[in-house]
Amino acid sequence: MNTVIAVPSEAPGGLDAAIGVHFGHCELYTLVTLDEGRIGAVEILPNVPHEQGGCMAPVSHLAQNRVRVLLAGGMGMRPLMGFQQMGIQVFHCGEARTVGEAVAAFSEGKLQEFASRHTCGGGGGR
């Protein structure tokens, strides 16, 4: 079974790209299709403007592009809840520095599911 994973990425994207710090404000996502634990297709998906729909715009954008798993370093509670409502699993990237490292760690079962303790204050801060 194929699973499409999205990782917020710095340009130009791809497996060697650095992970974008905050999912909603990244330039683009690297989409990686895992087929029985092996990397298949790798695609680049530009992000949508954060202003149009706020934090939920990127959530809907990823859902519309077949994403089932998101690997992220940071996000607020509102988008995390949005991903959960859309049926998209979110995992914290942990120590991974590149998209390829994060996908490998996910494939090996080494990443934690994103929890409220991983969330930040979002655009408003604290």
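The values are calculated or read from the model by the stated rules, or taken from the named source; none is laboratory data. Fair warning: this is a prediction, and the values are worked out from it, not measured in the lab. Positions of Cβ are generated from backbone atoms using ideal geometry, with glycine treated the same way; all protein chains shown enter the neighbour counts. Surface accessibility is based on the protein's heavy atoms, side chains included, excluding ligands, DNA and RNA. Shrake-Rupley method; radii C 1.70, N 1.55, O 1.52, S 1.80 Å.
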Determine the order of 5, 39 by accessible area, beginning with the largest, at a probe radius of 1.4 Å. 39, 5
Scan (i) 13.0, 38; (ii) 17.4, 53; (iii) 13.1, 41 for the value of Rg and Dmax of the Cα atoms in Å calculated from this model and give just the label. (iii)
Per-residue accessible area, 1.4 Å probe, largest first, puts 106, 114 in the order 106, 114
Can you give the longest run of the chain that contains no GluC sites (Glu not before Pro) sitting in a DSSP loop with at most 12 other Cβ atoms inside 10 Å? 52-94
GNM on the chain, C-alpha springs below 10 Å: top fluctuator among 72, 11, 41? 41
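Roughly how big is the chain's charge dipole about its Cα centre, with Cβ charges of +1 (Lys, Arg) and -1 (Asp, Glu), in debye to the nearest 20?
Working: 8 positive and 11 negative charges, 83 e Å.
Around 400 debye, computed over the chain.
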Could you tell me the accessible area of residue 38 in Å² (1.4 Å probe, neighbours in place), rounded to the nearest ten? 150 Å²
Hydrodynamic radius (Kirkwood) for the stretch 1-52, which is based on Cα pairs only, to one decimal in Å: 11.3 Å
Cα-projected label distance for residue 41 with residue 10, points at 7 Å along beta-carbon direction, nm: 2.8 nm
For residue 25, the accessible surface traced by a 1.4 Å probe with all protein chains present amounts, in square angstrom to the nearest 10, to 120 Å²
Once both labels are modelled 7 Å past Cα along the beta-carbon direction, what's the residue 33-residue 1 spacing in nm? 1.7 nm
Length-normalised contact order for the chain - Cα pairs under 8 Å, 6+ apart - percent: 26 percent
